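Participant: Here it is, the structure in full.
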Amino acid sequence: MSDASIHTPAQTKEASFGDFFALLKPRVMSLVVFTAMVGLLAAPGSIHPFVAFVAILCIAIGGGASGALNMWYDADIDAIMTRTQSRPIPSGKVTGGEAYAIGMTLSVFSVVMLGLATNWFAAGFLAFTIFFYVVIYTMWLKRWTPQNIVIGGAAGAFPPMVGWAAVTGGVSVESTLMFLLIFMWTPPHFWALCLFMKTDYRDAGVPMLNVTHGRPATRNHILVYTILLAAIAIGMAFTSVGGMIYLVTALVLNAMFLVGAVRIWRRSDAACEADEHKVEKRFFGLSLLYLFLHFGAILAEVALAPHGLGGW
């Protein structure tokens, strides 16, 4: 068990609904919901609108359950890092035991309900996603290897595959490419954040790449992963979920992303300190829009397809 259960601050006041909702990481959940919805809507075949709603709700609840269990286990390092000190557990608003109970309850509920509403392949996929994020990433990789974000990023990349499976009962080239799009986006997104978070991860003992290998190596990795990401993103344009709208979106976004990665690659630590990591912050800001715009383009292709305007 993590030290989180030992070092969790005593609860100082009665928690509000907002405090418990914050355990579910609603900002992260919004991306989970959106990408899962796109995967579900882009999948071939039909699904009743109410069943589709229930499926997305279950995936959202499963994502929130993962967030609660992550906060339960990581309460010790969350109390150290500046950007996480205000989370419900380190701030003393919610106890570790409450977070654990909520996370486990919602995990079971979301998996069972998804299985009953759609199919057990999709439910099993959701269960594996929760397990991967909580056990493989949070409990193991995050504190053990600088490849934590690379491998652990798979947890956040599964939702569109779960959405696709809810309709089809399986996987495909298209759902795999949607997975890879998120999977390859995650490292440069988080490494850019690490470059201007200074000593947060080092102080917390988290072996992020910039802590273990230095900032020059991190910049090299950002560039390599951005190049690979561009190939995957543009390649998806030529599948059944792509089309001209998606292709134009992918070309523009990945050109901007590549330019940003090259600018970061060329930077020195002195230049970063001089302008307070202006380039890195701009790249990180673009990365926040990157996935929403790519998946939004897929959604546009799906919406226009019945009118003969989407796809090829």
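Residue by residue, here is whether (1) open to solvent by less than 20 Å² (accessible area, probe 1.4 Å); (2) of a type in the set (D, E, K, R); (3) under 24 Å from Ile298 (Cα atoms) holds:
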{"residue": "Ile130", "(1), (2), (3)": "yes, no, no"}
{"residue": "Asn148", "(1), (2), (3)": "yes, no, no"}
{"residue": "Ile151", "(1), (2), (3)": "no, no, no"}
{"residue": "Ala154", "(1), (2), (3)": "yes, no, yes"}
{"residue": "Ala157", "(1), (2), (3)": "yes, no, yes"}
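Participant: Taking the criterion of being under 24 Å from Ser30 (Cα atoms) and open to solvent by less than 50 Å² (accessible area, probe 1.4 Å), would at least one residue in the stretch 204-223 satisfy it?
Facilitator: Going residue by residue through the stretch 204-223, those that are under 24 Å from Ser30 (Cα atoms) are none.
No, that holds for no residue.
Participant: Let me ask you something else. Would you mind stating whether Ala42 is touching a residue at least 60 places away in the same chain (Cβ under 8 Å), closer than 17 Å to Asp200 by Cβ and open to solvent by less than 30 Å² (accessible area, probe 1.4 Å)?
Facilitator: Values: touching a residue at least 60 places away in the same chain (Cβ under 8 Å): yes; closer than 17 Å to Asp200 by Cβ: no; open to solvent by less than 30 Å² (accessible area, probe 1.4 Å): yes.
Criteria not met by Ala42.
Participant: Same structure, new question: Kindly establish whether Gly214 is farther than 22 Å from Ala157 by Cβ and touching a residue at least 40 places away in the same chain (Cβ under 8 Å).
Facilitator: So Gly214 does not fit the description; no.
Participant: Looking only at the stretch 183-200, filter to residues that are open to solvent by 10 Å² or more (accessible area, probe 1.4 Å) and among the aromatic types (Phe, Trp, Tyr); which one of those is farthest from Glu273 (Cα to Cα)?
Facilitator: Ranking the candidates gives Phe183 first.
Participant: So Met81 passes all but one of these: (1) over 22 Å from Pro207 (Cα atoms); (2) in contact with a helix residue (DSSP H, G or I) (Cβ under 8 Å, 6 or more places away or on another chain); (3) among the aliphatic types (A, V, I, L, M). Which condition number does it fail?
Facilitator: (1)
Participant: Still on this structure: Within the stretch 167-182, count every residue that is open to solvent by 10 Å² or more (accessible area, probe 1.4 Å), of a type in the set (A, V, I, L, M, F, W, C) and part of a helix (DSSP H, G or I).
Facilitator: Filtering the stretch 167-182 down to residues open to solvent by 10 Å² or more (accessible area, probe 1.4 Å) leaves 167-174, 176-177, 179-180.
The next check asks that each one be of a type in the set (A, V, I, L, M, F, W, C); those that pass are 167, 171, 173, 177, 179-180.
Of the ones still in play, those that are also part of a helix (DSSP H, G or I) are 167, 173, 177, 179-180.
Qualifying residue count, the stretch 167-182: 5.
Participant: Provide a single number: the residues in the stretch 160-199 that are among the β-branched types (Val, Ile, Thr) and over 21 Å from Ala55 (Cα atoms). Talk me through it step by step, then tell me what you get.
Facilitator: Restricting attention to the stretch 160-199, the residues satisfying the condition of being among the β-branched types (Val, Ile, Thr) are 162, 167-168, 171, 173, 176, 182, 186, 199.
If we keep only those that are over 21 Å from Ala55 (Cα atoms) as well, we get 173, 186, 199.
Qualifying residue count for the region: 3.
Participant: A follow-up question, please. Quick one: in the stretch 87-118, which of the residues that are within 19 Å of Ser30 (Cβ to Cβ) and in a loop (DSSP other than H, G, I, E, B) is most open to solvent (accessible area, probe 1.4 Å)?
Facilitator: The extreme case among them is Arg87.
Every residue, every condition in (1) of a type in the set (Ser, Thr, Tyr); (2) out of contact with any Ser or Thr (no Cβ under 9 Å at 6 or more places or on another chain); (3) closer than 19 Å to Ala42 by Cα, yes or no:
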site	(1), (2), (3)
Leu229	no, yes, no
Ser240	yes, no, yes
Ala255	no, yes, no
Arg266	no, yes, no
Ser287	yes, yes, no
Leu293	no, no, yes
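Participant: Let me ask something else. Tell me yes or no: at least one residue of the stretch 59-76 is within 21 Å of Phe158 (Cα to Cα), part of a helix (DSSP H, G or I), at pLDDT 95 or above and over 17 Å from the mean Cα position of the chain (by Cα).
Facilitator: no
The values are calculated or read from the model by the stated rules, or taken from the named source; none is laboratory data. Given the structure is predicted, the values throughout are model-derived calculations rather than measurements. A quick note on method: Cβ atoms are made from the backbone with ideal geometry, for glycine too, and the neighbour counts reach across all protein chains shown. For accessibility, only protein heavy atoms count, side chains too; no ligands or nucleic acids. Shrake-Rupley method; radii C 1.70, N 1.55, O 1.52, S 1.80 Å.
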